[in-house]
1. Conditions: (1) acidic (Asp, Glu); (2) assigned to a helix (DSSP H, G or I); (3) more than 30 Å from residue 429 (Cα to Cα). Residue 486 meets all but one. Number of the miss?
2. Quickly run through segment 450-469 and pick out the residues that are assigned to a helix (DSSP H, G or I), closer than 14 Å to residue 403 by Cα, of a type in the set (A, V, I, L, M, F, W, C) and at pLDDT 85 or above.
3. Just to be sure, is residue 456 farther than 30 Å from residue 419 by Cβ, surrounded by fewer than 18 Cβ atoms within 10 Å (Cβ to Cβ) and either in the same structural domain as residue 129 (by TED's automatic domain parsing) or out of contact with any helix residue (DSSP H, G or I) (no Cβ under 9 Å at 6 or more places or on another chain) (or both)?
4. Does residue 70 satisfy the condition of being buried (at least 21 other Cβ atoms within 10 Å of the Cβ), of a type in the set (Val, Ile, Thr) and at pLDDT 95 or above?
5. Checking residue 198 against (1) more than 30 Å from residue 272 (Cα to Cα); (2) not in a loop (DSSP other than H, G, I, E, B), only one condition comes out false. Which one?
6. When you go through 380, 340 one by one, which is the residue that is small (Gly, Ala, Ser), surrounded by fewer than 23 Cβ atoms within 10 Å (Cβ to Cβ) and touching a Gly at 6+ places or on another chain (Cβ under 7 Å)?
7. Just to be sure I understand, how many residues within segment 155-164 are among the charged types (D, E, K, R) and outside any loop (DSSP other than H, G, I, E, B)?
8. Which residue is farthest from residue 371 (Cα to Cα), if the candidates are limited to segment 286-304 and must be acidic (Asp, Glu) and assigned to a loop (DSSP other than H, G, I, E, B)?
Amino acid sequence: MSSSHRMPFGAEALPNGSVRFRLWAPMAQNVALRLDGEASHLLSMDRLEDGWFELITARAAHGSLYKFQIDGGLDVPDPASRFQPHDVQGPSEVLDPGSFHWGKDNWRGRPWEEAVIYELHVGTFSPEGTFRGVEQKLDHLQSLGVTAIELMPLSDFPGKRNWGYDGVLPFAPDSSYGRPEDLKQLVEAAHARRLMVFLDVVYNHFGPEGNHLHAYAPQFFTSRHTTPWGDAINFDGPGSRVVRDFFMHNALYWLEEYRIDGLRLDAVHSIIDESSPHILTELARTVRDRFVGERFIHLVLENADNASRYLRRDNAGAVELYDGQWNDDIHHAVHVLLTGESDGYYSDYVGDPMRHLCRCLSEGFAFQGNYSNYHASNRGESSDDLPPAAFVSFLQNHDQVGNRAFGERIAQLAAPRQLKAAMEILLLAPQIPMLFMGEEFGASTPFLFFCDFHGDLAAAVTQGRRSEFSRFAKFNSPHTLESIPDPNSGNTFQQSKLDWASLPDKVHADWLRLYRDLLAIRHKQIVPHLAAACDIHCQATQSPERSLTLDWHLKDGALLQLRANLGAEPHDWPAHRGDVIYASDYGALEGQILPPWSVAWFVKR
């Protein structure tokens with residue numbers, strides 16, 4: 001079996017053995033194809049309507065290296081390159097997707113309510129830092145109880161190390177991780193273990209090095225809108241139809257050609273589109289229409305705007321656009337409870353973190369149109385009519401760890417008993433849980449911000465990183481600022497690699513046992529009740545003593561109950577019914593006192 005996605009740009013291997021090359025270059029007068037090894041022989045491309053150039057030639061084949069020459073001067077890689085074996089400035093490689101033969105085509109994915117997501121960075125997850133390295137750890141993930149691995153962005157980025165959000169060639173998995181065939185093998189191996197594979201994609205900007213679109217297709221950008229990275233991508237101005245198609249084909253490409261099960265769209269609050277339908281709506285509808293009835297495909301948002309309209313279900317409870325959204329609110333509330341930190345966006349949660357946590361567990365977002373001091377505006381939309389599965393809960397992810405100056409994980413910031421109680425809530429609640437790589441064994445290695453830029457750009461990134469923290473009191477001395485790891489140092493990257501040799505240590509083994517036990521309970525006791533999640537409703541209270549009482553009434557008639565004490569003093573048990581499915585302290589169930597930082601879950605069927 002083979003899988004491929006046809007698109008109107010890039011290099012396409014044709015059935016007769018020739019290759020069709022297409023490039024959208026509306027500002028170019030002429031474009032030529034330069035095949036590797038034929039420096040003196042440029043193949044002129046035909047100019048078509050609306051800025052398109054095309055050439056069909058038998059002189060190229062699977063494995064050929066090529067570039068496009070713009071107006072007799074600038075040589076550029078293909079913006080829709082399927083592979084860049086020599087990094088972003090090198091030639092693109094012609095790939096015939098039919099050359100990879102998939103195994104039995106019997107994978108249909110898994111329903112969204114079964115999702116337990118494990119976010120990982122390919123380069124630092126395994127000692128090898130490759131797709132094959134991830135594949136070798138799949139048995140560990142399967143036994144842990146996660147059901148989906150989420151790969152941080154893979155789009156070709158400059159250099160040998162990067163988080164992935166500086167990608168400039170969004171169709172080409174970065175060569176530092178292996179070849180495209182290795183990624184496909186990873187996906188197939190994951191499916192064989194009933195693990196879904198999600199991919200983080202970036203549709204809000206291109207990275208700062210290696211993007212040549214400004215030279216021949218400036219219509220990709222617009223100065224009418226600005227983002228943290230400069231001019232916005234043009235989704236609503238002249239020429240935007242091609243731009244919109246470029247990113248919609250990118251989504252379909254990963255889902256079809258690589259059989260990816262889901263996409264997480266990065267920072268969509270920075271995607272500005274004043275047209276109708278919004279690009280987020282059109283993209284989701286296009287994906288849904290393509291795969292309807294074929295297999296489960298899941299779409300997830302990161303959206304600081306808390307725009308619940310993208311998460312709506314229809315009358316039957318089916319997802320209309322996006323399955324879920326990363327819920328920063330629940331992270332921030334729990335983080336403040338565990339650490340007391342109040343800098344930056346945590347300032348919005350310091351006053352009453354228990355109230356915010358309670359609202360997240362019962363209604364989704366903590367901010368549903370409420371005023372945010374940090375954002376200096378009202379933030380969010382009403383979410384109390386959405387099912388819990390519309391929200392992805394987490395206590396760690398690449399941002400919340402890596403955007404700290406020294407990349408500390410929560411296990412280095414919070415007391416073990418308190419952290420344990422928090423995870424006993426998040427892993428068993430009806431929301432979709434997400435882990436960050438190494439979290440399951442209490443990894444002590446940091447996850448730092450790293451990249452591989454050179455020259456002035458490298459210096460600017462290093463200085464910018466340190467300037468970010470200069471406004472915080474703990475970094476008000478030049479010496480402390482200078483101690484922040486240099487993002488461009490290879491050592492910063494190496495420090496961020498997981499230490500798998502530490503797993504046998506008792507502390508790490510105990511954490512791993514807890515996560516495995518909790519996820520086993522989730523799959524057995526919680527997930528079977530979530531299939532009709534649209535009719536879940538929750539009654540919740542929280543007290544000044546930091547007790548938490550939540551009752552989820554499920555459509556199948558079951559009652560899921562959480563009783564928790566997240567304070568330092570014991571207090572009386574809140575009333576509960578049903579059978580206990582988990583307790584931090586089973587002995588306390590015999591008495592009348594709920595110990596500090598303890599959790600109990602009950603189900604009444």
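1. (2)
2. First pass over segment 450-469, keeping only residues assigned to a helix (DSSP H, G or I): 455-469.
Add one more test, that the residue is closer than 14 Å to residue 403 by Cα, and what stays is 461-462, 464-469.
Now restrict to residues that are of a type in the set (A, V, I, L, M, F, W, C): 461, 469.
Selection gives 461 alone.
3. Details: farther than 30 Å from residue 419 by Cβ: yes; surrounded by fewer than 18 Cβ atoms within 10 Å (Cβ to Cβ): yes; either in the same structural domain as residue 129 (by TED's automatic domain parsing) or out of contact with any helix residue (DSSP H, G or I) (no Cβ under 9 Å at 6 or more places or on another chain) (or both): yes.
Yes.
4. Numbers: buried (at least 21 other Cβ atoms within 10 Å of the Cβ): yes; of a type in the set (Val, Ile, Thr): yes; at pLDDT 95 or above: yes.
Yes: the conditions hold for residue 70.
5. It is condition (1) that residue 198 fails.
6. 380
7. First pass over segment 155-164, keeping only residues among the charged types (D, E, K, R): 156, 160-161.
Add one more test, that the residue is outside any loop (DSSP other than H, G, I, E, B), and what stays is 156.
The qualifying residues number 1.
8. If we filter segment 286-304 for residues that are acidic (Asp, Glu), which is where we start, we get 289, 294, 302.
With assigned to a loop (DSSP other than H, G, I, E, B) added as a condition, the list becomes 294, 302.
Details: 294: 43, 302: 20 Å.
Selected residue: 294.
The values are calculated or read from the model by the stated rules, or taken from the named source; none is laboratory data. In this text the structure is predicted, and so the values were computed from the model without any measurement. Backbone-built Cβ (ideal geometry, glycine too); neighbour counts: all protein chains shown.
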